[in-house]
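Since every read-out is calculated from the coordinates, none of them should be taken as a lab result. These numbers come from a predicted model, not from an experiment.
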């Protein structure tokens, strides 16, 4: 069964404007794009995207099947980094530079130390302190009518921060009421 999925017998990686795809190291039959899309070619001789699911920590993961049939659920950010930046060193963690654990674009993630990851969270929390309770409530109301990027421009923050506010994943100093 392992031979069936050797890289030499797979169809060519898809070509998509603005996206580079690479094989996932150690996972014949799987590829990942620098935009965080994971593809499978295990069941047919055609690449198809896998549907990611959010885990309890708010990160996307996918189900991959090993050649022996065993399933595992790696986080998408790890697959992207292993394919494009190389294997993780012993104590490295994935850093989401914009603080959004669902943004797995290569330009937003990198390997780093636990200290760097913690510093990112402090930096992002300081940025989120630009928003008052009233701002948060206004953002939630505006999200019904405006795009996240438009709201971000209004408040001078990133689109990612607006998304995090709406998912209640930042701004711990603020209260949320529906």
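In the list (1) 18.9, 59; (2) 18.9, 68; (3) 15.4, 42, the label attached to Rg and Dmax of the Cα atoms in Å as derived from the coordinates here is (1). According to the square roots a ≥ b ≥ c of the eigenvalues of the Cα gyration tensor, what is the shape class of the range 91-149, taking rounded for a/c under 1.5, prolate for a/b larger than b/c otherwise, and oblate for the remainder? Oblate shape, in that a/c is at least 1.5 and b/c is the bigger or equal ratio.
Taking 29, 18, 112 as the candidate residues, the one with maximal mean-square fluctuation in a Gaussian network model of the chain, Cα springs under 10 Å, is 18.
Calculate for the chain the 222 nm mean residue ellipticity that helices alone would give, adding -39,500 (n - 2.57) per DSSP H run of length 4 or more and normalising by residue count, nearest 500 deg cm²/dmol. Before the final figure, lay out the partial values.
Working: 5 runs with 50 residues, N = 178.
So the calculated ellipticity at 222 nm is -8000 deg cm²/dmol.
Structure remark: mean-square fluctuation, Gaussian network model of the chain, C-alpha springs under 10 Å; the largest value among 141, 82, 90 belongs to 90. For the chain, modelled as a Gaussian network with Cα springs under 10 Å, which listed residue fluctuates most, 68, 138, 34? It is 68.
Using a/c under 1.5 as the rounded threshold, could you call the range 3-86 rounded, prolate or oblate? The axes a ≥ b ≥ c are square roots of the C-alpha gyration tensor eigenvalues, and prolate needs a/b larger than b/c, oblate otherwise. Don't skip to the answer; put the middle values down first.
Values: a/c = 1.70, a/b = 1.17, b/c = 1.44.
Oblate is the answer for the range 3-86, as a/c is 1.5 or above yet b/c matches or exceeds a/b.
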